[in-house]
Amino acid sequence: MVRLTREVRFSVDRDWAGHVEFSRPVTNSWAGWPSAVGIVPYLRLRATVAGEPDPVTGYLCNITVIDRLLRKHAIPFTAAALREHGWRMSAEHLLEHIWEQVRPEAPSNAPLVALELCATPCLRYAIEAETPGMVYLTQQFEFAAAHRLHCAELSDAENRTTFGKCNNPNGHGHNYLLEVTVVGAADGPTGCVLPLPAFEQIVSDRVIERLDHKHLNEDTEEFRAVNPSVENIARVIWGMLAEHVAPARLHRVRVWETPKAWAEYSGV
Ligand code: NI
């Protein structure tokens, strides 16, 4: 079984008229099609199909088929939703609509197993075939903090050997990137898994305000007896959030200590 993901990028003007734009050639293969014509939403859709590649071509699915399906169902509906709801359209409903339209038309040998909508570079929504009726909402946050990797159970020499420069007695800093994923049904009156202002307020109150610009070992109760490795930071943040994201459910916490090192925790 192979999973193949294709990303389609597009901009949609709320006054979009299909017969005009669909006749335009692709003029920017990086930014996608249709191209932006001003200040308009720039969206990315990622479709994942799964199956066995053809033994001759090596193709699971021709990606042009995915491109066509995504654009056909995403662009007119997005434009119509913009006209009707303006900036307040529910991204969850947009994604669910595209999912329902595209899934029956996906090739039978390469069924659609996941669809992800990137609303901004730091906010995305996803549907997985394995969890019908659920939408995954992922948002990124950041905080800066100092820490020292040090274990009281080890000798000073052992600490230096184990943690190297990270055992510096006065600590050192990181700009941490935090990605929180919650999951739930988007069938309530808001049309959202969790309204974004509420989601952001929870993460701000529960995590960012408690960790940002702090020395984790010195300034936070959570790391007085817990070594603030990126692994433990992910687990501690999970604990800070798990009981506070209703009506959604916390799905995953991912923390980047640097662009080259990150940890994630899903509660088990
Ligand atoms: Ni460090």
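The values are calculated or read from the model by the stated rules, or taken from the named source; none is laboratory data. Predicted model only: the values in this text are computed from it and were never measured. When we count neighbours, we look across all protein chains shown, and the Cβ atoms used for this are built from the backbone with ideal geometry, even at glycine. What goes into the accessible areas is simple: the full protein's heavy atoms, side chains included, and nothing from ligands, DNA or RNA. Shrake-Rupley method; radii C 1.70, N 1.55, O 1.52, S 1.80 Å.
The distance linking region 1-77 with region 223-268 is 34 Å (Cα centroid to Cα centroid, whole angstrom). The share of accessible area on the chain that comes from carbon and sulfur is 53 percent, using a 1.4 angstrom probe. For region 135-265, the extents of the C-alpha atoms along the principal axes are 58, 24, 24 Å, listed from largest to smallest. When you restrict to C-alpha pairs under 8 Å that are six or more residues apart and normalise by the size of region 135-265, the relative contact order lands at 32 percent.
You can think of it this way: the chain between Ala129 and Ala198 has 22.2 nm of extra reach, that is 0.36 nm per residue less the Cα-Cα gap. Largest first and in whole Å, the equivalent-ellipsoid semi-axes of the chain read 41, 22, 18, each the square root of five times a Cα gyration tensor eigenvalue. Panel note: the C-alpha atoms of region 1-117, placed on their principal axes, show extents of 45, 29, 21 Å (largest first). The Cα-based radius of gyration of region 146-197, divided by its Kirkwood radius, gives an Rg/Rh of 1.40. Rounded, prolate or oblate: which one fits region 202-268, using the alpha carbon gyration tensor with axes a ≥ b ≥ c (rounded when a/c is under 1.5, else prolate when a/b beats b/c, else oblate)? It comes out oblate by the Cα gyration axes. In the elastic network of the chain, a GNM with C-alpha springs shorter than 10 Å, the most mobile of Ile39, Ile75, Ile127 is Ile39. GNM on the chain, alpha-carbon springs under 10 angstrom: the most fluctuating residue among Ala126, Ala17, Ala79 is Ala17. Note on Asn28 and Met1: with the Förster distance fixed at 35 Å, the Cβ-Cβ geometry gives a FRET efficiency of about 0.55. Of the complete DSSP H runs in the chain, those spanning 18 angstrom or more by Cα along the long axis with a mean Kyte-Doolittle score not below 0.0 are 63-85. Ligands, DNA and RNA are left out, and with a 1.4 angstrom probe the accessible area of region 130-182 is 54 Å² per residue.
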